[in-house]
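Peer 1: Provided herewith is a single structure, encoded as structure tokens, for subsequent inquiry.
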Amino acid sequence: MEAFVTQTGGHVGPVTFDRRGAKIRPLSVAPWATERLDRSQPPIIRVLRGDFFCLPFGGNSSPYRNEKHSVHGETANAKWKLEPGGDDRNDRPTLHLSLPTRLRPGRVDKYVSLGTDHDAVYQRHVVSGMSGPMNFGHHAMIRFPDEPGAGIVSTSPFVYGQVFPEPMERPENRGYSMLKPGAEFQTLDRVPTVTGETTDLSRYPARRGYEDLVMLVADDRVPFAWTAVSFPNQRYVWFALKDPRVLRSTIFWMSNGGRHYAPWNGRHINVMGLEEVTSYFHPGLAESVAENPISKRGYPTHVQLDPDRPLVVNYIFGVAQVPDGFERVDAIEEDGSGVALVSGRQRVRVPVDLSFLRNASSA
């Protein structure tokens, strides 16, 4: 494996799995990565790629009390400091970065580790010294082949699914959305659109020319939750694992050319953000702390930080090569010292350290 991390924003990407063989690079890098952007663009947009940690998660256009956070917070925009590194307790090569936060005084430590005998990236973020309410999340972005329906998306059981209650983009702002604002759904394959029809969110790329966003609240009774994308023609699966009691929901951000303002200019296509969060969609901290339609249903959209009890967020993503005929991931199950990806009668065992999700100690 090979992984890069940006100093600005701590974005993990690109990542190459099986770099001596198949050279699988599932994460997206923005098409303007090598361009010189206008200074008005925030750092997060300039370096946009891969996966990054958001604290607070979202646009944050509305201030919370005396805090006016940047898009997805300082953790996705500020410069991280390299700390003395080394392997973690399981002898995984580990990069340790730190960030002293200013708007909400505290510290965030980022640990990025690579599996030594398997294709997985382990990330641990430790938020310390902060108090007060906060929403947060991971922002992984997957690049799909330029072929309709090339990837099949699935998740562990969810208890509630909803389209963002407002249009994701508006024509007067040179943006376009397709899904019906606020529509609720129980399965990914029947989600209402503004035309009165339904669409299938489990097959992507789809709906070229539109940007849309939905959120799924995970069933927190399972030992771990997962999100997966299978690419049958490329014969691999990208998967992510989390503790659903820490990261409560999954956001699908379907970015397929629906933004026609700079630097997007209609060219950010075939990308899906599969974002593991505790948040109220993507507006930001103020909306996630206030009573909202999700929290009214009893699903947490923020946590209360305690300076004496650091918040530890563990997250794993990886790749597994699969045999011909392996289609949708129906389940990811614990299997000995790893997991098994299940598709119909096919079962592919994948080495992965599930204990990482349950370990709250620092790397």
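The values are calculated or read from the model by the stated rules, or taken from the named source; none is laboratory data. Quick caveat: nothing in here was measured; it's all calculated off a predicted structure. Cβ sites come from the backbone with ideal geometry, for glycine too, and all protein chains shown count toward neighbours.
Let's see how each residue does on (1) basic (Lys, Arg); (2) within 30 Å of Glu35 (Cα to Cα); (3) in contact with a Ser or Thr (Cβ under 6 Å, 6 or more places away or on another chain):
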residue: Pro205; (1), (2), (3): no, yes, no
residue: Trp226; (1), (2), (3): no, no, yes
residue: Trp238; (1), (2), (3): no, yes, no
residue: Phe252; (1), (2), (3): no, yes, no
residue: Val271; (1), (2), (3): no, yes, yes
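Peer 1: Please go through region 202-243 and pick out each residue that is surrounded by fewer than 24 Cβ atoms within 10 Å (Cβ to Cβ), without any contact (Cβ under 8 Å) to a residue 60 or more places away in the chain and not aromatic (Phe, Trp, Tyr).
Peer 2: Residues satisfying the conditions are Arg203, Ala206, Arg207, Gly209, Glu211, Val214, Asp220, Arg221.
Peer 1: Quick one: what pairs do we get from region 25-48, first residue at pLDDT 95 or above and in a loop (DSSP other than H, G, I, E, B), second loosely packed, with under 13 Cβ neighbours inside 10 Å and of a type outside the set (A, V, I, L, M, F, W, C), C-beta under 9 Å, 6+ apart or different chains?
Peer 2: Once the first residue is at pLDDT 95 or above and in a loop (DSSP other than H, G, I, E, B) and sits in region 25-48, its partners that are loosely packed, with under 13 Cβ neighbours inside 10 Å and of a type outside the set (A, V, I, L, M, F, W, C) give Pro31/Arg267; Trp32/Arg267.
Peer 1: Filter region 113-130 down to residues that are farther than 30 Å from Glu211 by Cα and β-branched (Val, Ile, Thr) and give me whichever is surrounded by the fewest Cβ atoms within 10 Å (Cβ to Cβ).
Peer 2: Applying the filter and picking the extreme gives Thr116.
Peer 1: Restricting the first residue to region 158-182 and requiring it to be over 13 Å from Pro293 (Cα atoms), which pairs with a second residue that is among the basic types (Lys, Arg) and crowded, with 18+ Cβ neighbours inside 10 Å meet a Cβ separation below 7 Å and a spacing of at least six or different chains?
Peer 2: Listed pairs, sorted by first residue: Glu169/Arg259; Gly175/Arg259; Met178/Arg207.
Peer 1: Only one residue in Ala262, Ala320, Ala290 is more than 28 Å from Gly151 (Cα to Cα), out of contact with any helix residue (DSSP H, G or I) (no Cβ under 9 Å at 6 or more places or on another chain) and either among the hydrophobic types (A, V, I, L, M, F, W, C) or without any contact (Cβ under 8 Å) to a residue 24 or more places away in the chain (or both). Which one?
Peer 2: None of the other options fit; the residue is Ala290.
Peer 1: Could you check region 5-24 and list, in sequence order, the residues that are without any contact (Cβ under 8 Å) to a residue 24 or more places away in the chain and either aromatic (Phe, Trp, Tyr) or on the phi < 0 side of the Ramachandran plot (or both)?
Peer 2: Thr16, Arg19, Arg20, Gly21
Peer 1: Could I ask something else about it? Does region 92-101 hold any residues that are surrounded by fewer than 20 Cβ atoms within 10 Å (Cβ to Cβ) and closer than 12 Å to Gly129 by Cβ, and which are they?
Peer 2: Matches in region 92-101: Ser98, Pro100, Thr101.
Peer 1: Taking the stated definitions as given, is Tyr261 touching a strand residue (DSSP E or B) at 6+ places or on another chain (Cβ under 9 Å) and over 27 Å from Ile45 (Cα atoms)?
Peer 2: No.
Peer 1: For the structure I just gave you, tell me whether Tyr122 is more than 30 Å from Pro232 (Cβ to Cβ) and of a type in the set (Phe, Trp, Tyr).
Peer 2: no
Peer 1: Just to be sure before I move on: is Val312 in contact (Cβ under 8 Å) with a residue 60 or more places away in the chain, surrounded by 23 or more Cβ atoms within 10 Å (Cβ to Cβ), assigned to a strand (DSSP E or B) and in contact with a strand residue (DSSP E or B) (Cβ under 9 Å, 6 or more places away or on another chain) in the structure I sent?
Peer 2: no
Peer 1: Just to verify a result, which residue in region 178-196, among those that are in a loop (DSSP other than H, G, I, E, B) and of a type in the set (S, T, N, Q), is surrounded by the most Cβ atoms within 10 Å (Cβ to Cβ)?
Peer 2: Thr187
Peer 1: Only one of (1) within 25 Å of Gly284 (Cα to Cα); (2) touching a Ser or Thr at 6+ places or on another chain (Cβ under 6 Å); (3) of a type in the set (Asp, Glu) fails for Asp51. Which number is that?
Peer 2: (2)
Peer 1: Taking region 131-169 as the region of interest, how many residues are touching a Lys or Arg at 6+ places or on another chain (Cβ under 8 Å), surrounded by 23 or more Cβ atoms within 10 Å (Cβ to Cβ) and of a type in the set (Val, Ile, Thr)?
Peer 2: Number of matching residues: 2.
Peer 1: OK, next. Would you call Arg20 in contact with a Phe, Trp or Tyr (Cβ under 8 Å, 6 or more places away or on another chain) and at pLDDT below 95?
Peer 2: For Arg20, the condition - in contact with a Phe, Trp or Tyr (Cβ under 8 Å, 6 or more places away or on another chain) and at pLDDT below 95 - is not met.
Peer 1: Let me ask something additional. So which pairs qualify, if the first residue must be in region 54-73 and aliphatic (A, V, I, L, M), the second must be buried (at least 24 other Cβ atoms within 10 Å of the Cβ) and in a strand (DSSP E or B), the Cβ gap must be under 6 Å, and the two must be at least 6 apart or on different chains?
Peer 2: Pairs found: Leu55/Gly73; Leu55/Phe136.
Peer 1: So which strands (runs of 3 or more DSSP E) are wholly in region 201-277 and hold at least 3 residues that are closer than 19 Å to Gly175 by Cα and not acidic (Asp, Glu)?
Peer 2: 210-218, 249-256
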